[in-house]
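What follows is a short report on a single structure.
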């Protein structure tokens, strides 16, 4: 992740955006099997920085994501899953206020 709701521009190649369409909805499955629908959006002309919109804010709030936490998207190789991606949350571990590392968590229902 980059910033609040933005992805690195190089990650655009992993989302099925075409030259005519500047937004695509895609489904992801979390660690508990819950399916989320997000929208990846880019501007029509300049600044192709991708932004996550639809569904993303709910995910962030539900998972209580904080600054320093990491989110990973992986392609889902599970046939018939109905999703194209898996999502994994890695919460920052702090010791006396300093970031010590990250731990992968099972997401709450």
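Every number here is computed from the coordinates shown, using simple stated rules; none is lab data. Nothing here was measured: the structure is a model prediction, and the numbers come from that model. Don't worry about glycine lacking a Cβ; one is built from the backbone with ideal geometry, like all the others, and counts go over all protein chains shown.
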Checklist entry - Between residue 76 and residue 31, what length in nm is gained on full extension when 0.36 nm per residue of separation is reduced by their alpha carbon distance? => result 15.0 nm
Next on the checklist: Sort 27-38, 64-75 by the packing proxy (mean of other Cβ within 10 Å over each peptide's residues), most packed first.
Outcome noted: 27-38, 64-75
